[in-house]
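This report refers to the structure that appears directly beneath it.
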Amino acid sequence: MTAARGAPDPASDRNDATREGVTMRAVVQDHYGDVDVLRVDERPVPEPGAGEVLVRVGAAGLNMADWHLMTGKPYLARLALGLRRPRATTRGEDVAGTVEAVGEGIDRFAVGDRVFGSASAAFAEFVVARADRLVRTPAAVDDRVAAASPMAGFTALHALRVASIDAPVGDVRVLVTGAGGGVGGFVVQYASARGAHVTAVCSAAKADAARAFGAHEVVDYASRDITQGPETWDVVIDFAGARPVSAWRRVLAPGGHLVLGGGEGGNPIVGPLDRALPGALATLTRAARVTTLLATTNLPDLERIAADLESGVLRPLVARAYGLDEVPLAIEDLRGAVHPGKLVVVP
Ligand SMILES: NC(=O)c1ccc[n+]([C@@H]2O[C@H](COP(=O)([O-])OP(=O)(O)OC[C@H]3O[C@@H](n4cnc5c(N)ncnc54)[C@H](OP(=O)(O)O)[C@@H]3O)[C@@H](O)[C@H]2O)c1
């Protein structure tokens, strides 16, 4: 942070005047494109408005959403993000850090509290977040681990809920793709904690991570196409997006449920929606039960994620931390699936 006229005073919680003229480093972009559109810029430290909190960023989680927002792909998303250029020029959706100031009407948090949750523009030294998108970070949980958890946690919990494995289950066989990655790793941890028998599909390089997440079996997708059978699963949760709905139907047990979570290999215009339509048709014609996920940030799930981090049900693997200048490399590593688990940015 550059203190043009003096650094924020942590002793004061509504000290707008103190931060006036103070700048911070933030990752910004003016155009859609590959990682070379990103740069680190000096920006004013933002002020929290009513219902908002200013957080000094300890760590920010990296998600595939950052790549989508950076590139403006699939193109359909530009209807919401800005047609020719991104309306929001800052990136980073998950944050953990310390409350620096609070806006009007905030009584859940005070200056100095450790918090984590969702906040657009988290690849920066400070970020303003809605208070109802933050919870307290459990004392024993490191900022990097907390920052790795919101989006992957929301998505995993949503997947478990739609597949009815959100509570302890009996003899349920679950197959998870992308199981060595961020969201898939969370799904494996949650599903095995609920007592399901979990088969993880990932590259050989991530087999150890998938086992550590709790997978009972690990299949390397390069050596075996699991959609050829003969085994079947009660629930298939697909975060790799590499197979069509018709292929997954072959390995669904009678009454089984296919949950389509994501994958970047789809149609460049509509993205994952290219599988949502065949999925909806299969469900309509009762050929299979298929759900396309769209997870959203919400306070009850965030509180649950905090509790699960505290109790150890959730043990995110943070494979690497990057500085703000290294965000382009971090996004390339994420896209290249270089590391298992989650990646974070530490300003
Ligand atoms: N629906 C929603 O609301 C929602 C929310 C968040 C994320 N997502 C989507 O979920 C997907 C995963 O996100 P993420 O953050 O977990 O990304 P990630 O950390 O990069 O994980 C994806 C994993 O998939 C693996 N993979 C690639 N090809 C595979 C294949 N054929 N079979 C099995 N695994 C394969 C990659 O590693 P290896 O190839 O080394 O195994 C990588 O670890 C993305 O498409 C993202 O956009 C959806």
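Computed values, structure above
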{"quantity": "Check on VAL37, at pLDDT 95 or above, surrounded by fewer than 19 Cβ atoms within 10 Å (Cβ to Cβ), assigned by TED's automatic domain parsing to the domain that holds THR98 and farther than 17 Å from VAL345 by Cα", "calculated": "yes"}
{"quantity": "Selected residue (only one of ALA205, ALA240, ALA222 is within 23 Å of the chain's Cα centre (by Cα) and surrounded by fewer than 16 Cβ atoms within 10 Å (Cβ to Cβ))", "calculated": "ALA205"}
{"quantity": "Of all residues in region 91-128 being open to solvent by 10 Å² or more (accessible area, probe 1.4 Å) and of a type in the set (A, V, I, L, M), the one that is farthest from ASP325 (Cα to Cα)", "calculated": "ILE106"}
{"quantity": "Residue satisfying condition, being touching a strand residue (DSSP E or B) at 6+ places or on another chain (Cβ under 9 Å) and either farther than 30 Å from LEU260 by Cα or not in a loop (DSSP other than H, G, I, E, B) (or both), within set ALA159, ALA140, ALA121", "calculated": "ALA159"}
{"quantity": "Lone qualifier among GLY261, GLY271, GLY255 - being open to solvent by less than 60 Å² (accessible area, probe 1.4 Å) and on the phi > 0 side of the Ramachandran plot", "calculated": "GLY271"}
{"quantity": "Conditions (1) within 18 Å of CYS202 (Cα to Cα); (2) within 14 Å of the ligand (Cβ to nearest atom); (3) in contact (Cβ under 8 Å) with a residue 40 or more places away in the chain: number failed by GLY271", "calculated": "(1)"}
{"quantity": "Candidates GLU125, GLU100 - the one that is under 12 Å from GLU52 (Cα atoms) and out of contact with any Asp or Glu (no Cβ under 8 Å at 6 or more places or on another chain)", "calculated": "GLU100"}
{"quantity": "Candidate set from region 143-184 (those that are more than 15 Å from the ligand (Cβ to nearest atom) and either open to solvent by less than 10 Å² (accessible area, probe 1.4 Å) or within 9 Å of the chain's Cα centre (by Cα) (or both)); member that is nearest to VAL338 (Cα to Cα)", "calculated": "ALA146"}
{"quantity": "Number of the condition not met by ARG335 [criteria: (1) open to solvent by 50 Å² or more (accessible area, probe 1.4 Å); (2) within 16 Å of the ligand (Cβ to nearest atom); (3) in contact with a Ser or Thr (Cβ under 9 Å, 6 or more places away or on another chain)]", "calculated": "(3)"}
{"quantity": "Test result for ALA88, open to solvent by 40 Å² or more (accessible area, probe 1.4 Å), within 30 Å of GLY178 (Cβ to Cβ) and more than 16 Å from the ligand (Cβ to nearest atom)", "calculated": "yes"}
{"quantity": "Selection count where residues are open to solvent by less than 90 Å² (accessible area, probe 1.4 Å) and under 14 Å from HIS339 (Cα atoms), scope region 208-219", "calculated": "2"}
{"quantity": "Those residues of region 143-156 which are within 20 Å of VAL53 (Cα to Cα) and assigned to a helix (DSSP H, G or I), in sequence order", "calculated": "ASP143, ARG144, ALA146, ALA147, PRO150, MET151"}
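Conditions (1) among the polar types (S, T, N, Q); (2) within 18 Å of LEU302 (Cα to Cα), marked per residue:
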position: ARG144; (1), (2): no, yes
position: ALA152; (1), (2): no, yes
position: ALA156; (1), (2): no, yes
position: SER164; (1), (2): yes, no
position: ALA179; (1), (2): no, no
position: VAL183; (1), (2): no, yes
position: ALA196; (1), (2): no, no
position: PHE213; (1), (2): no, no
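The values are calculated or read from the model by the stated rules, or taken from the named source; none is laboratory data. Worth saying up front: this structure is predicted, and the values here are computed from it rather than measured. Cβ atoms come from the backbone with ideal geometry, glycine included; neighbour counts cover every protein chain shown. For the accessible areas, the whole protein counts, side chains as well, though only heavy atoms, and no ligand, DNA or RNA atoms are used. Shrake-Rupley method; radii C 1.70, N 1.55, O 1.52, S 1.80 Å.
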